[in-house]
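Working notes, beginning with the structure itself.
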Ligand code: CO
């Protein structure tokens, strides 16, 4: 490759690093002592917000997420701040109306967010268009995402086509998001080369070391001309997280693209984060730290694997782990080969468990019904037509093929009215949080300044009545209620 520009590292330790390795439990006060140092390292971006952090702030840490952003921004004003946004789902699991998506982005921009990394779990671009347009209007950087996955309907050509669509949509850059750590070095090179030929905007690669391939795939992508990669700082790196910054830089020793991040500063930060990691030991697991080659067999995210072990134990199904894992590709196929990323990873995982426990499709969880009805958007492949009929019968409604948010009425006025009625400030900040986390926001508002509560445990299953299943995957939590069919 003729490109001799040093590759840029974005740093994820304050978001994906602890989301992947410590269930998103790093507190703002644990970040504060080193934020200025992180700022001085001159990374391409600091990922500080979004993903599961907003949920975790309110649900577990009794923190206002916007206060966290203000604090971090103030302490690291030189480096662009980056957040992960789930398109029309914002940072939740279901679609929100356009006015709520727009307000959320405007609020985040007002608090200093610079780069919005925007994805849709199905790679349905209709679900990210409103977000991209709003970010552009706010004068900020819109990064469009290609969710990488493997299936018979996902080809390099499809991904390249998606890259062109993102550029046409006026995205400022493209992220190849390999949430499960499945991208191999050779595919990473092919994809980066292909995109570089097809689009002019910068390309970022984001992966996870879950299967042990990420550092090699980064190396290969860097060789193929990728503009930047996401790294973290150990111990909030490697395993289910991003490759460690020091490791990645060392791998590029004599490469013309080797960056020059301050080694002694990185070592100092590593020492500091070791201490934080120990403080969070109730949320860490040696299973997350190891290379998990199961993922190469079952093609499921590593975080899902470790959580399933706990989940199945609680259901008295620990012997069935392999059956559930084998069920996942089957469920994916019938649901149109949807990629496994929040929220679809939780949805497919839970349905696979239900299939194994009660028999295939004897129970359909509500989110699976919604996927079959088209309410999450267009699936990459067609869904099973018989299952769709079953879903239509269960929901007593026909499936749709429009953009899911087109079915939703604006909500901002109603949200503010609700806030006023419950005696809370009716600001835009509060309204967007209230839209996504009403109970948690209320609790936070009532307990402001109090110590955080202990995390809730998954709800145990009952018999003969609607059963609630709760999954916590890499810090993201989803509850699924299912009723037995006649
Ligand atoms: Co990630």
Is it the case that the stretch 187-194 has a residue that's assigned by TED's automatic domain parsing to the domain that holds residue 85, touching a strand residue (DSSP E or B) at 6+ places or on another chain (Cβ under 8 Å) and within 18 Å of residue 344 (Cα to Cα)? no
What residue, among those in the stretch 172-213 that are under 19 Å from the mean Cα position of the chain (by Cα) and away from the ligand (no atom under 16 Å from the Cβ), is farthest from residue 86 (Cα to Cα)? 203
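So that you can scan it fast, the table gives a plain yes or no per residue for (1) closer than 16 Å to residue 346 by Cβ; (2) modelled with pLDDT of 75 or more; (3) touching a helix residue (DSSP H, G or I) at 6+ places or on another chain (Cβ under 7 Å):
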{"residue": "288", "(1), (2), (3)": "no, yes, yes"}
{"residue": "294", "(1), (2), (3)": "no, no, yes"}
{"residue": "300", "(1), (2), (3)": "yes, no, yes"}
{"residue": "305", "(1), (2), (3)": "yes, no, yes"}
{"residue": "309", "(1), (2), (3)": "yes, no, yes"}
Evaluate the stretch 5-25: report whether one residue or more is within 26 Å of residue 101 (Cβ to Cβ), away from the ligand (no atom under 16 Å from the Cβ) and crowded, with 22+ Cβ neighbours inside 10 Å. no
Condition first: closer than 30 Å to residue 61 by Cα and in a loop (DSSP other than H, G, I, E, B). Can you find one or more residues in the stretch 391-409 that meet it? no
Which of the residues that make up the stretch 431-476 are crowded, with 20+ Cβ neighbours inside 10 Å and either modelled with pLDDT of 50 or more or part of a loop (DSSP other than H, G, I, E, B) (or both)? 431, 432, 433, 434, 435, 436, 437, 441, 444, 474, 475
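The values are calculated or read from the model by the stated rules, or taken from the named source; none is laboratory data. Every value quoted in this text rests on a predicted model; they were computed, and no experiment measured them. Virtual Cβ from ideal backbone geometry, glycine too; neighbours counted across all protein chains shown.
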